[in-house]
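Undergrad: Sharing a structure, written as structure tokens. Questions coming.
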Amino acid sequence: MKFTKKTGSATTASPGTARLSFLKEQSIKTVFFFTAFFAVTVVTFILLFLLRDGYPIVVQVGLPAFLLGIDWAPTAVVPLYGILPLIVGTLLVTIGAMVFAVPLSIGCAIYLSELASPRTKKILKPAVELLAGIPSVVYGFFGLIVLTNFIRVSFAIPTGETWLAASVLLGIMALPTIISVSEDAISSVPHEYKEGSLAIGATRWQTISRVLVPAALSGIAAAVILGIGRVVGETMAVLMVAGNAAIIPDPIWNILSPLRTLTATLGIEMGEVSVGSEHYSALFGITVVLLVITLIINLSAVAILRHLKEGRAHGPARKPLISSATKESLARFAEIIGIVLLLIFLLAAAPWWLAVLVLLVAGTWYFGRDRLTRNHIQTLAFGLVGLATVIVLAILVIILQDIVMHGLPALSWEFLTQPPKDLGRAGGIFPAIAGTLYLVMGAIAIALPLGVGAAIYLVEYTREGCITRLIRTGVDLLNGTPSIVFGLFGFAFIVLYLNVGVSLLAGQVTLALMVLPTVIRTTEESLKNIPQSLREGSLALGATRWQTISRVVLPPAVPGIVTGAILSIGRAAGETAPIMFTAVVFSSRFLPTSELQPVMALPYHLFILATNVPGASTNKYGTALVLLLLVIGFYSVAIFVRTHFQNKIRG
Amino acid sequence: MSENCIISTKNLNLWYHEKHALESVSMRIPKKKVTALIGPSGCGKSTLLRCFNRLNDLIDHVKITGEITLDSEDIQGPGTDVVTLRKKIGMVFQKPNPFPKSIYENVAYGPRVHGVRDKAELDKIVEQSLRHAAIWDEVKERLNDSALGLSGGQQQRLCIARTLAVEPEVILMDEPCSALDPIATAKIENLIERLKEDYTVIIVTHNMQQAARVSDYTGFMYLGKLIECGKTGQIFEHPKEELTENYITGRFG
Ligand SMILES: Nc1ncnc2c1ncn2[C@@H]1O[C@H](COP(=O)(O)OP(=O)(O)OP(=O)(O)O)[C@@H](O)[C@H]1O
Ligand SMILES: [Mg+2]
């Protein structure tokens, strides 16, 4: 064969076509750049619009009075706009949720990463993912019906809608985040540390508690911060169980007092406020405060995790984030603070039996510790870790069982195919199911091209630098933005400013913005998993960038992208806050005939049934079950696609 | 080998899944001597070493038959307390693996987990172990710095100090010098020389000269079998087996 003589259209190109293909490559790159930059644009827009609408209230009452005023009474004759009780409420709920969630999560994470057999793990991990998949309005519904009732009866108080209820519920919702991120952190501690410790003759528990967990501490901290972010940004669930009185609990540790968070205030009042009023502006002021808090929280978690990842890539020789000496003094400091707080709480607030019990346990531990052999301590510790895992599982089972048992009787052909009657007490939920499907399909149709484009730009077209860092930060910020903030932005920008009105379209766009970071992330992941050698192979044959991407890189990445898309759909289907003010009506007999009409949606329908319609018990549960099945259905498909193709790739 | 032996194996077999990694290995490790294990890559040296302190327990799907005794007591059965066993049999790994803690905490870790709480006593153990591992002078000013900031050779000696701090009877070393330069290697070889006054050392090495220099006894392994085992001088000068001779003289494969 004479390769030198072989000339064909594929190998030689006239200057004209070369110029053309260069232009094509450039324009493709430009398009991708804009999709990637979109995230930054959106964040900027959100901030601008919230500031624009929130600014007047600051001018009106002054920043200190707004932030530190202790009365929130926007509808009083002389309205008062002090948001301190709301900030304190958010803070208290978060602290309570973490007190509940952190020990359980870390126990469960230790069990998963160090004690569980591979088979148990295979069951437990999807269970935790399932917990993450339950929509927040379903949590709120469960909290409202079961949890508050339980608290009301056990403490013999008139209503169970309290700080305690909110903290427990939000703690449950933060569990999956904290568990999965800490589990990841513990599992990725280098194996050598474990072997080194065991080879010295440390017990498994000593190895876990003195080497593995300390080595994973930054990851665990990031997990907790992410959990805090989740709690602070949650709207629907907390709104349904916290009692929503805008007061600072008196005394401050009274966990049976109702309280109100920043997010709940938005959820409750945004629907009733007249546009452009002082009150309206105050709500946007709250949104800005909320956004700033969550952004700080999320960016710090992201920073820690990124630092860890880089540390791992550069090998263990890198110095840790904080030196071991500071770490120790920090730990001691935290310990002292914890003990002092506990003592104050016990002396001042707790029922006497709890105080006695805690003191007894602490005393036994303190004096008995030296008499226990380390094998006893190990047995005890493993018992506690196992207990934490069992509690997490039990919570999942209780929630699912309650909703399935009560929801099944409501399910019927009629329920699934008929419109609601009598404010949803009778009839079915067909328009809500259809509406939710319309919303999520529209949302993914918008988010998928933008997200995939952005990911392709980030992975394939750039090196890490200023621009990618800016874009990544934009994506991270978007990811950490609470869903209610998207709701308000959608309302202010799409519904009012662009004059689209409350409509299917406004809801789809708002949801699309919310899921965009998920799509970008998962696509990025799957693109990064494609070996570099494939790209080099293609480029070495003279293929252009875009040919390489479209024919070599993208096809094997499709399962990963699809997984991300389905996960996003599931997430969007369960969200209430973003569509509450942008897209939904409570009851409608008909399906929308255009993009500009409002729709019914399952989560919102459930929310209204649960909070505003007495006597709809069966249909409430039925709606909750359908929503749950829908969302879990999406998640299962995603997990199936993921594992199926993972196995295939591995061979 | 008629001297009193500390570890001995009889018909030891080990499978990873289907892979037969050790085939009826019978071996006696003499007390307070240095025994070297040599053999081509993948022949099962590390596997054998990790049988002695039961570190293979960490790996799923491992099946072991046969007998291993320490001071004539069985350590293979399910009744063995692996924690106590590992206190008696320390290990230094191929890649230095200090914990992400301070230098002091790394050495104090072992005594601490074995119940030493007294600060003065810990200080003493730390200093002694670091001295014994010939690294004290290099780190005494910076005991509270992170161990990850040390050089590879220093890290390895720190790991040896960490092992010495729990006063084991046997020290297993799996290619302890393979990541080190000649100077650091020489330091560790000197160290081994001194260690055998108090400890039994079993060392895996790919370096023939090293085996000849530091060891009293040598075992040659090939494809999961212990081909030959005896006094180092005899193995290197008059090997009984042709395989051994080929390997040692480099006429292999
Ligand atoms: N965890 C494991 N799972 C399956 N097979 C293993 C595992 N560890 C080792 N093996 C196999 O057992 C055999 C012996 O391995 P071992 O690590 O003991 O060899 P080695 O003599 O130490 O080699 P090297 O000199 O390269 O360190 C090898 O064929 C290896 O592939
Ligand atoms: Mg080896």
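Undergrad: Pulled fully out, how much extra length does the chain show between A:N612 and A:T473, if you take 0.36 nm times their separation in residues and subtract their Cα-Cα distance?
TA: Details: separation 139, 0.36 × 139 = 50.04 nm, distance 4.00 nm.
Extending this stretch completely gives an extra 46.0 nm.
Undergrad: Ballpark to the nearest 100 Å², how much total accessible area do A and B bury together, probe 1.4 Å?
TA: Heavy-atom accessible area buried at this interface is about 2400 Å².
Undergrad: In what sequence, largest accessible area first, do A:W72, A:W353 appear using a 1.4 Å probe?
TA: From most accessible down to least: A:W353, A:W72.
Undergrad: Hey, with R₀ at 45 Å, roughly what FRET efficiency would A:R589 and A:F34 work out to, going by the Cβ-Cβ distance, to 0.05?
TA: 0.60
Undergrad: Moving on. With each run of n ≥ 4 DSSP H residues scored as -39500 (n - 2.57), what mean residue ellipticity at 222 nm is computed for chain A after dividing by its residue count and rounding to the nearest 500 deg cm²/dmol?
TA: -23500 deg cm²/dmol, from helical runs alone.
Undergrad: Starting from the Cα gyration tensor of chain B, take the square roots of the eigenvalues, sort them a ≥ b ≥ c, and report rounded, prolate or oblate (rounded when a/c is under 1.5, otherwise prolate if a/b is larger than b/c, else oblate).
TA: Prolate, since a/c reaches 1.5 and a/b exceeds b/c.
Undergrad: Could you please put B:K87, B:K196 in sequence from largest to smallest accessible area, using a 1.4 Å probe?
TA: B:K87, B:K196
Undergrad: With the crude spin-label approximation of a point 7 Å out along Cα→Cβ, what separation in nm comes out for B:A120 versus B:E141?
TA: According to this spin-label approximation, the distance is 2.9 nm.
Undergrad: Multiply the residue gap between A:S412 and A:S550 by 0.36 nm, knock off their C-alpha separation, and tell me the result in nm, one decimal place.
TA: Using 0.36 nm per residue and subtracting the Cα-Cα distance, I get 45.1 nm.
Undergrad: Computing the accessible area with a 1.4 Å probe over protein heavy atoms, can you report the carbon and sulfur percentage for the stretch A:82-403?
TA: 71
Undergrad: Given Cβ point charges of +1 (Lys, Arg) and -1 (Asp, Glu) and nothing else, what value in debye, to the nearest 20, does the dipole of the stretch A:82-403 about its Cα centre take?
TA: I would put it at about 1140 debye.
Undergrad: Tell me which residues come under 5 Å, amide H to amide H, from A:A73 once H is placed; ignore anything under 5 positions away on its chain.
TA: Amide H to amide H, under 5 Å and 5 or more residues apart or across chains, A:A73 pairs with A:L80, A:Y81, A:G82.
Undergrad: Please report the antiparallel percentage of DSSP beta bridges with both residues in chain B, rounded to the nearest 5.
TA: 60
Undergrad: To the nearest 20 Debye, how big is the dipole of the protein assembly as shown about its Cα centre, given +1 on the beta carbon of each Lys and Arg and -1 on that of each Asp and Glu?
TA: The calculation lands at about 1760 debye.
Undergrad: A follow-up question, please. Could you work out how much longer the chain between A:S533 and A:T326 gets when fully extended? Use 0.36 nm per residue separation minus the Cα distance between them, nm to one decimal.
TA: Result: 70.2 nm gained on full extension.
Undergrad: Given the protein chains as shown and a 1.4 Å probe, how many square angstrom of A:S21 are accessible, to the nearest 10?
TA: Surface accessible to solvent at A:S21 totals approximately 50 Å².
Undergrad: Ignoring everything but the protein chains, give the 1.4 Å probe accessible area of A:I157 in square angstrom, nearest 10.
TA: 40
Undergrad: Here's a follow-up. If you take each beta carbon of peptide B:91-99 and count the beta carbons of other chains within 10 angstrom, what is the mean?
TA: That works out to 5 on average.
Undergrad: Please work out whether the stretch A:82-403 counts as rounded, prolate or oblate from its C-alpha gyration tensor, where a ≥ b ≥ c are the square roots of the eigenvalues and a/c under 1.5 means rounded, while otherwise a/b larger than b/c means prolate and anything else oblate?
TA: Prolate.
Undergrad: Using a 10 Å cut-off around each Cβ of peptide A:185-193, what is the average number of partner chain Cβ atoms that fall inside? Please report the intermediate quantities before stating the final value.
TA: Working: counts 0, 0, 0, 0, 2, 4, 2, 8, 5.
The mean count of partner-chain Cβ atoms within 10 Å per residue comes to 2.
Undergrad: Something else now. Averaging sequence separations of C-alpha pairs under 8 Å and six or more residues apart, then dividing by the length of the stretch A:390-529, give the relative contact order as a whole percent. Mind dumping the intermediate values first?
TA: Values: 110 pairs, mean separation 39.6, N = 140.
With pairs under 8 Å counted, the relative contact order is 28 percent.
Undergrad: About its Cα centre, how strong a charge dipole does chain B have in debye, to the nearest 20, once Lys and Arg get +1 and Asp and Glu get -1 at the Cβ?
TA: The dipole of chain B has a size of about 200 debye.
Undergrad: In chain B, if the dipole is taken from +1 on Lys/Arg beta carbons and -1 on Asp/Glu beta carbons about the Cα centre, which of B:T200, B:G44, B:V107 is farthest to the positive end?
TA: The Cα lying farthest towards the positive end belongs to B:V107.
Undergrad: Same structure, new question: Counting alpha carbon pairs within less than 8 Å and at least 6 residues apart, what relative contact order, in whole percent, applies to the stretch A:82-403?
TA: Worked out over the stretch A:82-403, it gives 25 percent.
Undergrad: Something else about it: Taking K and R as +1 and D and E as -1, what net charge do the other residues with C-beta under 14 Å from the C-beta of A:S550 add up to?
TA: Here the charged neighbours net out to +3.
Undergrad: Give the accessible surface of the protein assembly as shown per residue, rounded to a whole number of Å², with probe radius 1.4 Å and ligands, DNA and RNA excluded.
TA: 46
Undergrad: Taking a ≥ b ≥ c as the square roots of the Cα gyration tensor eigenvalues, with a/c under 1.5 meaning rounded and otherwise prolate when a/b beats b/c, else oblate, which class fits chain A?
TA: Oblate.
Undergrad: Separation of the stretch A:112-162 and the stretch A:354-411 by C-alpha centroid, Å?
TA: First find each Cα centre; the distance between them is then 14 Å.
Undergrad: Rank B:L172, B:L58, B:T232 by how far each Cα sits towards the positive end of the charge dipole of chain B (+1 on Lys, Arg Cβ; -1 on Asp, Glu Cβ) and give me just the farthest.
TA: B:L58
Undergrad: Let me ask another. Please calculate the 1.4 Å probe accessible area of A:E575, with all protein chains present, and give it to the nearest 10 Å².
TA: 30
Undergrad: Say the dipole of the stretch A:82-403 comes from +1 at the beta carbon of Lys and Arg and -1 at that of Asp and Glu; which of A:L396, A:Y193, A:I208 then lies farthest toward its positive end?
TA: Among A:L396, A:Y193, A:I208, the one farthest towards the positive end of the dipole of the stretch A:82-403 is A:Y193.
The values are calculated or read from the model by the stated rules, or taken from the named source; none is laboratory data. Quick caveat: nothing in here was measured; it's all calculated off a predicted structure. Because the Cβ atoms are built from the backbone with ideal geometry, glycine has one as well, and the counts that use them run over all protein chains shown. Keep in mind that these areas ignore ligands, DNA and RNA; they rest on the heavy atoms of the full protein, side chains included. Shrake-Rupley method; radii C 1.70, N 1.55, O 1.52, S 1.80 Å.
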